[in-house]
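Here is the structure we will look at, set down as structure tokens.
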Amino acid sequence: MKVLLHNAHGPYKGLPRTAGWGYPEPYTRDLMVSSLGILLTRNTKLIKSLQKTLETIARNQSPQGHIPSLVHDREDRGSSDCTPLFLIAVALFRRVTGKKIFLEQTIRKAMVWMEHQSPTNRVLVAQLPTSDWRDEQWVLGYGLYVNTLVYAYLHLFGQHKRAAELKEQMGQFFVRGDRQNRHIHEGLVLPNKPYYALWAYKIYRSERFDLLGNSIAILTGLASTSRARRIISWVEAECRSMRKNGELAVNLPPNFFPYIRPGNPDWVARYAKYNKPGDYHNGGIWPFVCGFYVAALVAAGQYELAEKKLLALTELVRPARKAKVEFGFNEWFKAQDGIPRGEDWQSWSAAMYFYAAQCVEQKRTPFFDRIRQFA
């Protein structure tokens, strides 16, 4: 609460800061993710700040419906996930506050924009590399994470038929071999593996594991209960192996693994400086992502494991890189040593910790329980 209240007012038109001392700008993506925790606090100041943020975003929406990457800057565009995250945040804000038609025109335009992101004019949306939250990582075509967000907002706005179509497209078909059959749709389900692919497009895909995308798939019910439990078992087994061989120093999963290494086909030269194995988006430990994982464990009924991971997350968010505070709520940690490498008092680190703690305490997943009823 100290982190969120401290960050609720920043230097850009009084909009929230993204982090306590670094990142004074209001990043749309971070603040929309933070809304999950903020709305659960029921804190008047935080909810008013969120409302101001949403209204400012609406004023800076593009004529075509795209949501900007910076709340206050209509020219800062290009993200694939800010628009679906905005749709989710507004839907939840409406539910909590009772403002049933809040930003209705903005919502309609944003949904049209998202429909235009489907190359095949179906429900699955595609993206360009580095356009989602991983600004240093290539995710090409039909990304898992972005499509889990689409699935969530479709249900939240009562578009259950379209959500079911998206689920079918993701879960029923997959490419075998090196030849694309025109009569089937390439999918994100991997043969002989329990989790969803990081991305897929035509005959290409990445079979590396995306913790955030798979966690949201579990939370929303995109992954069945049995599949969710298989995913979790696989994650925990892989993490035990990584801890044994020195690739992982904490009792929490990296955001992405196996790490991309020099010489791998998907290695990009820029990664040598900005995205090393076990760093940043190439396997760093992100508290906000771990918050989603804890919530996914609760959704799958793994209450004891969820509590253990929440306690591990509590210890992770203690150290700060620079600030003299009791809890650093840093941005991300290096996988191999568990040392904080990002900015302290990151809003989404604190907000998703709060959300995860509520899930463990209540043995339910607020907002997502209702979505899973339609799965």
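Each reported figure results from applying straightforward, stated rules to the coordinates on display, with no laboratory input. Values in this document were obtained by computation on a predicted structure and should not be read as measured data. In this analysis, Cβ positions are derived from the backbone assuming ideal geometry, glycine residues included, and neighbour counts consider all displayed protein chains.
Does any residue of the stretch 74-85 turn out to be surrounded by fewer than 24 Cβ atoms within 10 Å (Cβ to Cβ), under 14 Å from residue 32 (Cα atoms) and of a type in the set (A, V, I, L, M)? No; the residues of the stretch 74-85 include none that is surrounded by fewer than 24 Cβ atoms within 10 Å (Cβ to Cβ), under 14 Å from residue 32 (Cα atoms) and of a type in the set (A, V, I, L, M).
Is at least one residue of the stretch 221-232 in a strand (DSSP E or B), in contact (Cβ under 8 Å) with a residue 40 or more places away in the chain and not charged (D, E, K, R)? Checked the stretch 221-232: no residue is in a strand (DSSP E or B), in contact (Cβ under 8 Å) with a residue 40 or more places away in the chain and not charged (D, E, K, R).
Sub-6 Å Cβ pairs linking a first residue in the stretch 281-304 that is over 14 Å from residue 250 (Cβ atoms) to a second residue that is of a type in the set (D, E, K, R), at least 6 apart or interchain, are 281/134; 281/136; 300/229; 303/363, ordered by first then second residue. Of everything listed in (1) more than 21 Å from the chain's Cα centre (by Cα); (2) in contact (Cβ under 8 Å) with a residue 12 or more places away in the chain; (3) assigned to a loop (DSSP other than H, G, I, E, B), the single unmet condition for residue 267 is (2). Tell me, yes or no, whether the stretch 315-335 has at least one residue that is touching a His at 6+ places or on another chain (Cβ under 9 Å) and within 23 Å of residue 29 (Cα to Cα). Yes, the stretch 315-335 contains a residue that is touching a His at 6+ places or on another chain (Cβ under 9 Å) and within 23 Å of residue 29 (Cα to Cα). Of everything in the stretch 257-287 that is of a type in the set (Phe, Trp, Tyr) and closer than 23 Å to residue 195 by Cβ, the residue that is surrounded by the most Cβ atoms within 10 Å (Cβ to Cβ) is 286. Of the residues 289, 317, which single one is farther than 21 Å from residue 220 by Cβ and hydrophobic (A, V, I, L, M, F, W, C)? The unique qualifying residue is 317. Only one entry of 146, 123, 96, 112 meets the criterion of being among the hydrophobic types (A, V, I, L, M, F, W, C), under 16 Å from the mean Cα position of the chain (by Cα) and either on the phi < 0 side of the Ramachandran plot or surrounded by fewer than 23 Cβ atoms within 10 Å (Cβ to Cβ) (or both), and that entry is 146.
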